[in-house]
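Q: Please see the structure below; I have some questions.
Please treat every number below as a calculation from the coordinates, not as lab data. Not measured: the values here are computed from a predicted model. Cβ sites come from the backbone with ideal geometry, for glycine too, and all protein chains shown count toward neighbours.
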Amino acid sequence: MRVQLLGISKRFGSVLANDDVSLDIGEGEVLALLGENGAGKSTLMKVLYGYHRADAGQILVDAREVAIASPRDAMAHGIGMVFQQFSLLPALSVLENLLLAYPGAPAWHSPRSTAPAVRLLAEFAPGVDPRRRVDSLSVGQKQQVELVKVLNLDARLVILDEPTSVLAPEEAQRLHEVVRRLARSGRSVVFITHKLEDVRACAHRVAVMRGGRLVDQCDARGVDGGQLVARMVGEAGLRPVRKLAAPRDEPARLSVRALRSSSETLSLEDIDLDIAPGEVLGIAGVSGNGQDLLADALTGMTPIDSGEVLLDGELLHGPDATRPHDPRQGYIPEYPLRNAVAGDMSNALNLSLRRLLGLPLFPRWGELDARAAQLMEQFDVRPRDAALASARLSGGNLQKLVIARELSQARRFVVACYPTMGLDLQATQAVYDALFAQAAEGAAVLWISEDLDDLLRYAHRIGVLYHGRLAAVLPAAQTDRVRLGHLMTHGAEA
Ligand SMILES: Nc1ncnc2c1ncn2[C@@H]1O[C@H](COP(=O)(O)OP(=O)(O)OP(=O)(O)O)[C@@H](O)[C@H]1O
Ligand SMILES: [Mg+2]
């Protein structure tokens, strides 16, 4: 199936998200759609999927114009989309989820009707038992089930919106294999991404968007990494991340003693850590090993069962008292839209959330707006609209908004949980600069990441979290991907 977009334009208020975009996706082709945060990638694909209605333009399937006014229409034409937020029902089995996805699905199904779904699972989600409950699956497996759900509805073109931003390296490789298999089966794939590995591993062609326009297209096979970066960020290129000095040779800024905390699914056990002033401690681990719980416990966002978190030798969080709003602490949690901002509130209010707590009864709103405008400029949050509801920002810009709030003033202690998830190359550099600038000013930084290369490049030491315990804490200069990978999957040295 060949799909053509012709002259697509889409406006949201003052923002022209898609500006006369024409794009051709061939049969069996994997097209990598790249471009900075807010460039209009998701919008363009949501137009194709019938989630947004274009203001102008046409969609052609096999050279015939089609009307796509809803996702149901898109499905009827063989177009499916996997979003970043999963839409599976956690308490149901994999198979039940697949069958429920049919519009007008029967409540009861015969064994015969499950056969195609089971076959697709075996092919595109190997290792996922159809009877497993969805909430027991890893992130990578849930994503495969989402994909099979779309394939089970006979999608001939599959849109994946930043699928690897939530995946660990091995899971990403597994997805690359699945995408290659889709292409071999004659299906087409649009793969939205910020990662060059994705392009290298499975794309045939690359299209780059900037400011709502399609600015570049090329064959993926001939192009090297440097050229791709130039195409994505423009001629100016990328400025390297500022190099961080060694930690100060002073008593620990942050100490964690015998910390225990638990969630419904997992417990943290016996976490002991010291982080020096100026030190960046990276945390690696396969997702689901307690990363988010560790971040929440260290910042007082979740109760601590026993143990303590000390800042400069003084109790910050313990079983009896936590101070999540202590101004010495900054926190960038995972999934900012769920955990760090009120989506319906304006950018200005979200940027001053922490300050509102300490504000006088009648805050000077004008001051908040002025501060918001200045922060949005400094951290390059686009569009620069302080009155816009934060849920309207693109994924990357929302992340920058949280970073702006948490890192725009000097902190003593910062926890950053996957802070560059979904960010483009420039924004990633900017976030690292802001995070490491805190360390340069003397903060203790705990940085949780899936990106082993970046951890090895920038962190002073790296701890590996395995089943809620720290399996090891190693100087970054004395370890490598292989050793970390083994610790992440086995919890012990080889
Ligand atoms: N529902 C909406 N209402 C208002 N503005 C929107 C809406 N959706 C997107 N926008 C705006 O349209 C522009 C393009 O957003 P889009 O989400 O398509 O970008 P993107 O290229 O997918 O970025 P990212 O890499 O951050 O995901 C942005 O300026 C965004 O703020
Ligand atoms: Mg997007």
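Q: Please determine, in degrees from 0 to 90 and to the nearest 10, the orientation of helix 365-378 with respect to the longest principal axis defined by the Cα atoms of the chain, where the helix direction is its Cα long axis.
A: It is inclined by approximately 70 degrees.
Q: Next up: In nm, what is the difference between 0.36 nm times the number of residues separating Glu314 and Glu27 and their Cα-Cα distance?
A: Full extension from Glu314 to Glu27 adds 97.1 nm.
Q: Also, quick follow-up: In whole angstrom, how far apart do the alpha carbon centroids of segment 114-156 and segment 19-39 sit?
A: Using only Cα atoms to place each centre, the spacing works out to 26 Å.
Q: While we're on this one: Can I get the semi-axes of segment 405-482's equivalent ellipsoid? Compute them from the C-alpha gyration tensor as square roots of 5 times the eigenvalues, in angstrom, largest first.
A: Computed over segment 405-482, the values are 21, 15, 12 Å.
Q: Label Arg481 and Glu197 with points 7 Å out from Cα along Cα→Cβ: what is the distance between them in nm?
A: 0.7 nm
Q: I'm a student and want to see the number: the projected area of the Cα convex hull of segment 3-233, averaged over all directions, in nm².
A: Mean shadow area of the hull around the Cα atoms is 12.6 nm².
Q: Arrange the following residues from fewest to most other Cβ atoms within 10 Å of their Cβ: Lys46, Lys400.
A: Lowest count first: Lys46, Lys400.
Q: Moving on. Loop-only GluC sites (Glu not before Pro) in segment 1-59, please: DSSP not H, G, I, E or B, and at most 16 other Cβ atoms within 10 Å.
A: Those that pass, being in a loop and sparsely packed, are Glu27.
Q: Rank the residues Phe124, Phe413, Phe83 as a footprinting-exposure proxy: fewest other Cβ atoms within 10 Å of their Cβ go first.
A: Arranged by neighbour count, lowest to highest, Phe124, Phe413, Phe83 become Phe83, Phe124, Phe413.
Q: Would you mind getting me the FRET efficiency between Ala122 and Val215? Use the beta-carbon distance for r and R0 = 35 Å, nearest 0.05.
A: Approximately 0.30, to the nearest 0.05.
Q: So, one more: Relative to the longest principal axis of the chain, what angle (0 to 90°, nearest 10) does the C-alpha long axis of helix 481-490 take?
A: Relative to the chain, helix 481-490 is tipped by roughly 90 degrees.
Q: While we're looking at this one, here's another question. Per 20 Å bin, what is the whole-percent P(r) computed from every C-alpha pair distance within the chain?
A: The percentages, shortest bin first, are 22, 54, 23, 1.
Q: Trypsin sites (Lys or Arg not before Pro) within segment 245-284: which are DSSP loop residues with at most 16 other Cβ atoms inside 10 Å?
A: Arg248
Q: Quick one: P(r) of segment 92-227 from all Cα-Cα pairs, 10 Å bins, percents rounded to integers, in order of increasing distance.
A: Per 10 Å bin, starting at zero, the Cα-Cα P(r) for segment 92-227 comes out as 11, 39, 31, 14, 5, 0 percent.
Q: Could you pull the Cα extents of segment 215-318 along its three principal axes, largest to smallest, in whole Å?
A: Projected onto the principal axes, the Cα atoms of segment 215-318 cover 56, 38, 18 Å.
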